[in-house]
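Colleague: Supplied in structure tokens, the structure appears directly below.
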Amino acid sequence: MPSAPREPAASSRLRGVRWLGPWVLEVNAGTLRADLLAALLAVVLVLPQGLAFAALAGLPPVWGLYSAIVPAVVAALAGSSRLVLTGPTNTLALALAASLAPMAAAGTPEYLRLALVLTLMVGALQLLVAVTRLGSLTHFIAPSVLLGFTTGAAALIAWHALRGIVPGPQAVQGGELAVAAVTLASALALRRWAPRWPGMLLALVVGTGLAVVLAALAGLPIARVGALPQAWPVWQPPALAWDDLPRLATTALALTLIALGQTVAIAKVLAARTDQPLNVDRECLGQGLANVAGSFFSSFVVCGSLNRSLPYWQAGARTPLGGVFAAGGLLLLVAVAAPVLSLVPMVAIAALLLPVALALVDTTAWRELWRADRPDALIAAGTAVATVLLPIEAAILGGVAASLVLYLHRTAHPALRTMVFDAPPAPGRERPFVVQQAGEPECPQLKLLRMEGPVWFGAAAHVSDALAALRDGSNQGSEAGPPRHLLVMGKSMNFIDAAGAQLWEQERRRRLAAGGDLYFHRPRPQVLTMWQTTGFTERLGADHLFATKREAIAHIVPRLDPAVCAGCRARVFEECAAQPGPPSSVAAGSTAA
């Protein structure tokens, strides 16, 4: 019987592109070598971090290693970013512990069950975000909120680490305290004098060696990780109960925001530095599948890891296969070195959390934020305090809400700036407009106004009050009264809604009733579309919309009241030379930009 024809290699690779991405076509011996070398570094980095972060989450340390195997493979192959390494992170570990602590004691069967259920719920929400193409929602987590949360998380991580080293005055053990001190000193020294070395791993080796010596020579009791159940992640489907859904829903939503926000932020940084494409919705899909799969294999909530992804990229990684190699290498290491890993002292893991907490505090980012944007800095500070004092989900959602309120407040108060020429007229010289300063002359009949920002229902009251002040002349010192004609420079008015369209219609009617008129320079296409839909363009007149300032002024100045022009000495426009009145106080022949 003849064998079935083989699928052409080209067709197979095209199918791989469809399911995995265009990177499949780039795989060759060179990329495989580069990915394998980068994967070795990833294994070295995740080994101590996985143990430490699982302990921080109140879970068996080996779960931290499991979380860097199955979820890492799924996220690498199903996601969009080629370089983001998915696995356990300190922020999610802390958030998980803080969220589950009121529900069950850490390490108990109920606590482990809830951790798996919560991981499954987070994965399901991430899949929902991907399927509904709502990945852009992650952009609503302001960088200031993440900065504040990270800083608050650093304080909590340090507190948990200290409690792991010194549980209480009556429980201090000299041997464990010595192991913790030596481990911490080794980690800090390696970071200071050998930053390219795997400092956390070497510090863990030093602490483990000291613990073995103290236990053998002095018989000091030192708690250790203990025997690992098995190298391969344990198949353990989450036992979901219906009453878990309402009590874990808010926590799952907060963790989803944190995980996707952190992952997408890392993916964007790496995509920008490598000029690689990034599909945010597909990245959300990969993260969702990773957490759903991980919940069946003793894994807690995972996301992209910054302190592993950046070194992994710098080590030369080229394709997502590096993440697959890293997971396989970790699995092999755990299988071969399980007896050695069982000797790791718990206080050494706790001690390694202290430099992790210290590294999370970005003092440079705090200084820059304080100098650039004080209100945003206050939101970051409030989020940091809330992270320490309140449930994690309340801190994150509260910070997001506060940043959105600040944004709404700012967009509800767009600037309206009076514009004038930047210099007196001079023959043959272009004269661009600038914001008016005190004492600078302007036309008594034509106000030049730059509208900066959208005019929507939240901003309508502010804009209406500002326009009313211009019509009333409360800020106009001319004896002729306030300017009756208004030219709005609308290049920066990027959006209006129905309320904004109604506001400009009211302004047009009021200007006409006062004997003046309303004109616009370079309105945005979105604005023109709204005006055409509401009929405002027809009522305003196409001859009131101008592409250039020169064209606008040349069209408007002849419409001004010649009686007012006759007594005006400002004569700021080139066209004023043709108007009746005293000689211009400046030379004619200039050009309006």
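The values are calculated or read from the model by the stated rules, or taken from the named source; none is laboratory data. The structure presented is a predicted model; accordingly, all values stated were derived computationally and were not measured. Please note: Cβ atoms are built from the backbone with ideal geometry, for glycine as well, and neighbour counts cover all protein chains shown. Surface areas here come from the heavy atoms of the whole protein model, side chains and all, with no ligands, DNA or RNA. Shrake-Rupley method; radii C 1.70, N 1.55, O 1.52, S 1.80 Å.
Colleague: Give, as residue ranges, the helices (runs of 4 or more DSSP H) completely inside segment 461-558 that count at least 1 residues that are charged (D, E, K, R).
Modeller: In segment 461-558, the matching helices (runs of 4 or more DSSP H) lie at 498-513, 536-540, 549-556.
Colleague: While we're looking at this one, here's another question. Among the numbered criteria (1) open to solvent by 10 Å² or more (accessible area, probe 1.4 Å); (2) more than 19 Å from residue 67 (Cα to Cα), which one does residue 325 miss?
Modeller: With (1) open to solvent by 10 Å² or more (accessible area, probe 1.4 Å); (2) more than 19 Å from residue 67 (Cα to Cα) applied to residue 325, the lone miss is (2).
Colleague: Quick check, is residue 150 in contact with a Phe, Trp or Tyr (Cβ under 9 Å, 6 or more places away or on another chain), in a helix (DSSP H, G or I), under 30 Å from residue 286 (Cβ atoms) and hydroxyl-bearing (Ser, Thr, Tyr)?
Modeller: Considered against the rule, which asks whether it is in contact with a Phe, Trp or Tyr (Cβ under 9 Å, 6 or more places away or on another chain), in a helix (DSSP H, G or I), under 30 Å from residue 286 (Cβ atoms) and hydroxyl-bearing (Ser, Thr, Tyr), residue 150 comes out as no.
So that you can scan it fast, the table gives a plain yes or no per residue for (1) over 23 Å from the mean Cα position of the chain (by Cα); (2) among the aromatic types (Phe, Trp, Tyr):
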| position | (1), (2) |
| --- | --- |
| 275 | no, no |
| 282 | no, no |
| 286 | no, no |
| 290 | no, no |
| 301 | no, no |
| 305 | no, no |
| 313 | no, yes |
| 316 | yes, no |
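Colleague: Which condition does residue 347 not pass, out of (1) touching a helix residue (DSSP H, G or I) at 6+ places or on another chain (Cβ under 8 Å); (2) part of a helix (DSSP H, G or I); (3) farther than 24 Å from residue 165 by Cα, if it passes all the others?
Modeller: Of the numbered conditions (1) touching a helix residue (DSSP H, G or I) at 6+ places or on another chain (Cβ under 8 Å); (2) part of a helix (DSSP H, G or I); (3) farther than 24 Å from residue 165 by Cα, the odd one out for residue 347 is (3).
Colleague: Here's something else I'd like to know. Which one of 57, 68, 52 is under 30 Å from residue 101 (Cα atoms) and in contact with a strand residue (DSSP E or B) (Cβ under 8 Å, 6 or more places away or on another chain)?
Modeller: Step by step, each of 57, 68, 52 is checked, and only 68 is under 30 Å from residue 101 (Cα atoms) and in contact with a strand residue (DSSP E or B) (Cβ under 8 Å, 6 or more places away or on another chain).
Colleague: Of the residues 513, 547, 499, 570, which single one is open to solvent by 20 Å² or more (accessible area, probe 1.4 Å) and either closer than 30 Å to residue 408 by Cβ or among the charged types (D, E, K, R) (or both)?
Modeller: None of the other options fit; the residue is 499.
Colleague: Still on this model: What's the number of the condition residue 242 fails, among (1) open to solvent by less than 30 Å² (accessible area, probe 1.4 Å); (2) out of contact with any helix residue (DSSP H, G or I) (no Cβ under 7 Å at 6 or more places or on another chain); (3) over 19 Å from residue 61 (Cβ atoms)?
Modeller: Exception for residue 242: condition (1).
Colleague: Give me the pairs: first residue in segment 362-389 and in contact (Cβ under 8 Å) with a residue 12 or more places away in the chain and under 25 Å from residue 254 (Cα atoms), second residue in a helix (DSSP H, G or I) and open to solvent by 80 Å² or more (accessible area, probe 1.4 Å), beta-carbon distance under 7 Å, and six or more apart or on different chains, which are they?
Modeller: 377/370
Colleague: Return the only residue of 175, 152, 207 being modelled with pLDDT of 80 or more and within 28 Å of the chain's Cα centre (by Cα).
Modeller: Result: 152 is the single residue among 175, 152, 207 that is modelled with pLDDT of 80 or more and within 28 Å of the chain's Cα centre (by Cα).
Colleague: Considering every residue within segment 132-143, establish whether at least one is surrounded by fewer than 17 Cβ atoms within 10 Å (Cβ to Cβ) and under 17 Å from residue 237 (Cα atoms).
Modeller: Checked against the condition, which is being surrounded by fewer than 17 Cβ atoms within 10 Å (Cβ to Cβ) and under 17 Å from residue 237 (Cα atoms), segment 132-143 yields no hits at all.
Colleague: So in segment 297-313, with the set limited to residues that are modelled with pLDDT of 85 or more and among the small types (Gly, Ala, Ser), which one is surrounded by the fewest Cβ atoms within 10 Å (Cβ to Cβ)?
Modeller: Only one residue tops the list, namely 298.
Colleague: Among the residues of segment 182-204, count how many are assigned to a helix (DSSP H, G or I) and surrounded by fewer than 17 Cβ atoms within 10 Å (Cβ to Cβ).
Modeller: 6
Colleague: Just to be sure I understand, how many residues within segment 147-181 are surrounded by fewer than 19 Cβ atoms within 10 Å (Cβ to Cβ) and either within 30 Å of residue 398 (Cα to Cα) or in contact with a Gly (Cβ under 7 Å, 6 or more places away or on another chain) (or both)?
Modeller: 5
Colleague: Right, another one. Please find, among 327, 239, 252, the residue that is among the hydrophobic types (A, V, I, L, M, F, W, C) and touching a Lys or Arg at 6+ places or on another chain (Cβ under 8 Å).
Modeller: That would be 239, the only listed residue that is among the hydrophobic types (A, V, I, L, M, F, W, C) and touching a Lys or Arg at 6+ places or on another chain (Cβ under 8 Å).
Colleague: So for segment 280-296 (the condition being at pLDDT 85 or above, of a type in the set (Ser, Thr, Tyr) and within 17 Å of residue 146 (Cβ to Cβ)), does at least one residue qualify?
Modeller: No - not one qualifying residue is present in segment 280-296.
Colleague: Let me ask another. Is it true that residue 267 is modelled with pLDDT of 80 or more and out of contact with any Leu (no Cβ under 7 Å at 6 or more places or on another chain)?
Modeller: Against the criterion (modelled with pLDDT of 80 or more and out of contact with any Leu (no Cβ under 7 Å at 6 or more places or on another chain)), residue 267 does not qualify.
Colleague: Run residue 105 past the list (1) assigned to a helix (DSSP H, G or I); (2) more than 30 Å from the chain's Cα centre (by Cα) and report the number of the one that doesn't hold.
Modeller: (1)
Colleague: Still on this structure, I have one more. If a residue has to be under 24 Å from residue 292 (Cβ atoms) and assigned to a loop (DSSP other than H, G, I, E, B) to count, how many in segment 303-342 make the cut?
Modeller: The total comes to 3.
Colleague: Here's another thing I want to ask about it. When you go through (1) aliphatic (A, V, I, L, M); (2) in contact (Cβ under 8 Å) with a residue 40 or more places away in the chain; (3) more than 19 Å from residue 51 (Cα to Cα) one by one for residue 104, which number turns out not to apply?
Modeller: Condition (2) is where residue 104 drops out.
Colleague: Are any of the residues in segment 471-478 of a type outside the set (S, T, N, Q), more than 22 Å from residue 435 (Cβ to Cβ) and at pLDDT below 90?
Modeller: No, every residue in segment 471-478 fails to be of a type outside the set (S, T, N, Q), more than 22 Å from residue 435 (Cβ to Cβ) and at pLDDT below 90.
Colleague: Does segment 572-580 contain at least one residue that is closer than 24 Å to residue 505 by Cβ and in a loop (DSSP other than H, G, I, E, B)?
Modeller: no
Colleague: Right, next: Looking for whichever is hydrophobic (A, V, I, L, M, F, W, C), without any contact (Cβ under 8 Å) to a residue 60 or more places away in the chain, in a helix (DSSP H, G or I) and farther than 25 Å from residue 264 by Cβ here; the options are 158, 178. Which one fits?
Modeller: 178
Colleague: Quick check on segment 242-278: of everything there that is free of Cβ contacts under 8 Å to residues at least 40 places away in the same chain and either assigned to a loop (DSSP other than H, G, I, E, B) or not hydrophobic (A, V, I, L, M, F, W, C) (or both), which residue is farthest from residue 164 (Cα to Cα)?
Modeller: 275
Colleague: In the list 114, 83, 118, which residue meets the criterion of being assigned to a loop (DSSP other than H, G, I, E, B), out of contact with any strand residue (DSSP E or B) (no Cβ under 6 Å at 6 or more places or on another chain) and open to solvent by less than 10 Å² (accessible area, probe 1.4 Å)?
Modeller: 83
Colleague: Taking the residues in segment 328-364 that are at pLDDT 90 or above and within 27 Å of the chain's Cα centre (by Cα) as candidates, determine which candidate is farthest from residue 52 (Cα to Cα).
Modeller: 364
Colleague: How many residues are free of Cβ contacts under 8 Å to residues at least 24 places away in the same chain and among the hydrophobic types (A, V, I, L, M, F, W, C) if we restrict to segment 522-553?
Modeller: Number satisfying all stated conditions: 2.
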